[in-house]
1. Quick one: would you say T294 is touching a Cys at 6+ places or on another chain (Cβ under 8 Å) and within 19 Å of K70 (Cα to Cα)?
2. Here are D193, D237: which of them is in the same structural domain as R402 (by the TED database), in contact (Cβ under 8 Å) with a residue 40 or more places away in the chain and open to solvent by 30 Å² or more (accessible area, probe 1.4 Å)?
3. What residue, among those in the stretch 253-280 that are part of a helix (DSSP H, G or I) and β-branched (V, I, T), is least open to solvent (accessible area, probe 1.4 Å)?
4. Which of (1) farther than 22 Å from V308 by Cβ; (2) assigned by the TED database to the domain that holds L238 is the odd one out, the single condition R436 does not satisfy?
5. Does any residue of the stretch 227-239 turn out to be out of contact with any helix residue (DSSP H, G or I) (no Cβ under 9 Å at 6 or more places or on another chain) and either at negative phi or of a type in the set (G, A, S) (or both)?
6. Among residues belonging to the stretch 163-201 that are within 21 Å of the chain's Cα centre (by Cα) and small (G, A, S), point out the one that is nearest to F434 (Cα to Cα).
7. Consider only pairs whose beta carbons are under 6 Å apart and that are at least six residues apart or on different chains; among these, list those whose first residue lies in the stretch 251-278 and is in contact (Cβ under 8 Å) with a residue 60 or more places away in the chain and under 11 Å from E360 (Cα atoms) and whose second residue is outside any helix (DSSP H, G or I) and of a type in the set (F, W, Y).
8. Do the conditions hold for V422, that is, is it in contact with an Asp or Glu (Cβ under 9 Å, 6 or more places away or on another chain), crowded, with 20+ Cβ neighbours inside 10 Å and in a helix (DSSP H, G or I)?
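The values are calculated or read from the model by the stated rules, or taken from the named source; none is laboratory data. Please read these numbers as outputs of a predicted model, since none were measured by experiment. Heads up, the Cβs are rebuilt from the backbone with ideal geometry, glycines too, and the neighbour counts pull from every protein chain shown. Ligands, DNA and RNA are excluded from the accessible area calculation, which covers all protein heavy atoms including side chains. Shrake-Rupley method; radii C 1.70, N 1.55, O 1.52, S 1.80 Å.
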Amino acid sequence: YKTCPGRVLCKLPCSGEKEVDLAVQSAKAAFKIWSQMSGMERCRVMLEAARIIREQREEIATMETINNGKSIFEARVDIDISWQCLEYYAGLAGSLAGEHIQLPGGSFGYTRREPLGVCVGIGAWNYPFQIACWKSGPALACGNAMVFKPSPFTPISVVRLAEIFTEAGVPKGLFNVVQGGAATGQFLCQHPDVAKISFTGSVPTGMKIMEMAAKGIKPVTLELGGKSPLIIFSDADLENAVKGALMANFLTQGEVCCNGTRVFVERKILDTFTKEVVKRTQKIKIGDPLLEDTRMGALINRPHLNRVQGFIKQAKEQGAEVLCGGDLYVPDDPKLKNGYYMRPCVLGNCKDDMTCVKEEIFGPVMAILPFDTEEEVVERANATKFGLAGGVFTRDIQKAHRVVAALKAGMCFINNYNVSPVELPFGGYKSSGFGRENGRAAIEYYSQLKTVCVEMGDVESVF
């Protein structure tokens with residue numbers, strides 16, 4: 001593999017209505033086999049898929065770096081999370097069960113946890129391989145089949161995942177990949193044989209998917225955008241808080257939905273914190289994402305880079321101060337001159353009503369805002385249509401728990417940020433979506449309960 005900034009890697013044909021139907025019918029046939037296997041049988045196949053991913057970690061991480069532009073250092077973490085996800089749900093597959101309820105007179109009832117059928121996964125371009133595992137892991141563990149559509153900007157690595165599932169022994173067609181944009185997604189959402197849709201992406205697209213799903217009464221899981229608050233109290237460990245702020249803003253070039261991009265800093269430490277954050281931000285190594293010491297690669301494409309730059313320009317016009325970065329970065333290596341690089345940006349003098357504070361930028365742009373009291377910062381933190389994540393840095397553990405309890409967000413962090421163990425549910429409040437990925441909670445969204453009532457005596461009739 002070679003890094004190819006600004007160059008076409010490959011061309012894939014979009015899947016039309018006919019190809020989508022073929023993928024769904026193939027998955028439907030595989031579902032009949034897979035859903036009849038025991039949980040332990042499914043467990044063994046999923047463990048084998050996890051083993052292959054773990055064994056091919058370096059190759060897949062390299063593919064993902066070229067696919068997305070993130071650093072190889074980060075891509076390896078994504079691949080590790082991916083195989084851990086499959087291992088986790090493999091472990092749950094054999095334990096999925098219903099309940100037995102004793103009723104009067106020796107009668108009883110029981111529940112069965114049953115798969116939904118063919119599920120659709122629609123992924124985003126920031127974590128292509130990882131998101132596909134987050135969706136397919138619980139889906140397959142519950143006995144479902146899946147048709148997955150990656151983003152047209154990152155179509156490659158998910159195809160490798162499909163090959164790995166086949167190598168591991170899933171029935172042919174159980175995990176199918178279709179390629180394309182909005183039209184392909186529409187064909188998937190409207191297909192009569194699709195039982196459920198799980199989408200990761202923007203709020204406007206999520207709304208459209210929900211509309212389409214409503215016409216077929218299909219359940220949906222939506223993991224949408226965010227503008228998450230990160231609250232730094234004056235009693236926090238400063239070194240830890242600065243590292244947390246960098247983690248909350250600059251992973252994957254800032255292209256992370258749960259990033260804590262509104263950094264609220266208690267006024268007592270505003271200057272000290274800001275100086276240290278700026279100093280550390282300026283030291284972030286940008287460049288070839290395949291080099292070991294690179295910590296920030298290229299943004300996904302030219303239009304998105306232009307969009308992020310537009311937010312910074314508007315922020316300056318509205319009175320924000322660019323404390324560092326925000327400009328285009330041209331690496332010394334001439335092979336990288338056409339790459340979509342920019343320097344990570346820290347904005348000071350920010351106000352809550354600025355566009356850069358209200359709207360999701362989805363790029364390496366941190367907005368710092370001062371606050372004075374706990375009550376004030378909680379109110380300001382919640383004054384947003386989003387509710388995906390939130391973070392608190394403080395040595396006062398009572399205050400930490402009190403504040404996260406008050407935050408209207410689905411994923412909260414105390415003295416850390418952007419940690420996503422597969423054992424813990426992930427998802428948002430408000431416009432950030434609903435449903436959960438990861439943890440035992442995801443099982444609820446990929447299965448359905450059947451209740452069976454058994455009468456052991458004569459039927460009591462009112463007739």
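1. no
2. D237
3. Initial filter on the stretch 253-280 (part of a helix (DSSP H, G or I)): 253-254, 267-280.
Checking which are β-branched (V, I, T) leaves us with 269, 272, 274, 277-278.
Values: I269: 30, T272: 80, T274: 25, V277: 0, V278: 22 Å².
Only one residue tops the list, namely V277.
4. All conditions pass for R436, except number (2).
5. yes
6. Among them, the one singled out is S198.
7. E255/F362; G260/Y417
8. So V422 does not fit the description; no.
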